[in-house]
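Everything below concerns the one structure shown next.
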Amino acid sequence: MILDLFRLDGKTALVTGATRGIGLGIATALAEAGARVIMSSRVPKPDVVQAMKDKGFQVDYLQADVSKPAEVRHLVRDAAAITGRLDILVNNAGVAQHGQTHDFTEEFYRKVMDINLDSVFYACQAALEPMRRQGGGVMLNIGSISGLISNVPQPQAAYNASKAGVHMLTKSIASDYAADNIRVNAIAPGYIATDMTAGGYANPDWAPVWRAMTPMPKVGTPEDIGAAALYLCSPASGYVTGEVLVIDGGYVTR
Ligand code: NDP
């Protein structure tokens, strides 16, 4: 049955930024498909984790600040220790920091790069050990349409560059480790209704532009991304690697 290819029974998945927004949408989709999901975030949210358990999902929680390389390595190691394997790694944690390049501080630049790009490298690197040992695995990185086009009207050169870097890390690691049966893909979301975009949709200078640039007359949801994540993390996408899947209501067509 083709639908069986979307099942994740017996798989262990680690999702960063998993207690809200897109990460929660992804964690929910993977858990619904039968995976044991290790949810991670910087700020512990026991109520969110308990709500997942109340739905009958197999979930665990690990706290980590992914801006710190050592914490990223420990997170991946500790996640793999829970069941003795790590089948799926989803690098979703991210921050948006707006500002004109001419007065963007070094502190903000480092924050964006540390969280959005460097953490993805360190997490993928750490996941290679268990995935190679167990004979394969799947990595999914959350990029952005902002890694494909220079988004407007908000000024965010560092964010755009960090997400372009995520896309190329994805392709490079996919190519380098395909022979190890490790698939690596990315999703490039357009505008999705989360805490990250709430300020922008409340901004009268930004929201009309975002809407005008998006052909479909709706805002994306974490479920839209969760469904695509399930495809890319499951055997349904067994011949897909190095792909950046755009989910944006048609934004990049304009
Ligand atoms: P939210 O702001 O709603 O959530 C961000 C998540 O990242 C939170 O779970 C947060 O954890 C986590 N996080 C941030 N900094 C750290 C850190 N230092 N250590 C650990 N976790 C951290 O964002 P979204 O859900 O909207 O975004 C998720 C991903 O999708 C991001 O990579 C974002 O760039 C990308 N994206 C989002 C789009 C959108 O329209 N929303 C569009 C394109 C890409 P905590 O809850 O503990 O703070």
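We did not get these values from a lab; they are worked out from the coordinates using the rules stated. These numbers were taken from a predicted model, which means no experiment stands behind them. Every residue, glycine among them, receives a Cβ derived from its backbone with ideal geometry; neighbour counts consider all protein chains shown.
When residues in region 89-108 are screened for being touching a residue at least 40 places away in the same chain (Cβ under 8 Å) and either charged (D, E, K, R) or more than 15 Å from the ligand (Cβ to nearest atom) (or both), 4 of them pass.
When the helices (runs of 4 or more DSSP H) confined to region 1-84 are screened for residues that are within 16 Å of the ligand (Cβ to nearest atom) and under 21 Å from V138 (Cβ atoms), those reaching at least 2 such residues are found at 21-32, 69-83. Scanning region 64-118 for residues that are more than 19 Å from I145 (Cα to Cα) and among the small types (G, A, S) yields A64, S67, A70, A79, A80, A81, G84. Within region 133-154, if we keep just the residues that are crowded, with 17+ Cβ neighbours inside 10 Å and more than 14 Å from the ligand (Cβ to nearest atom), the residue that is farthest from N203 (Cα to Cα) turns out to be G137.
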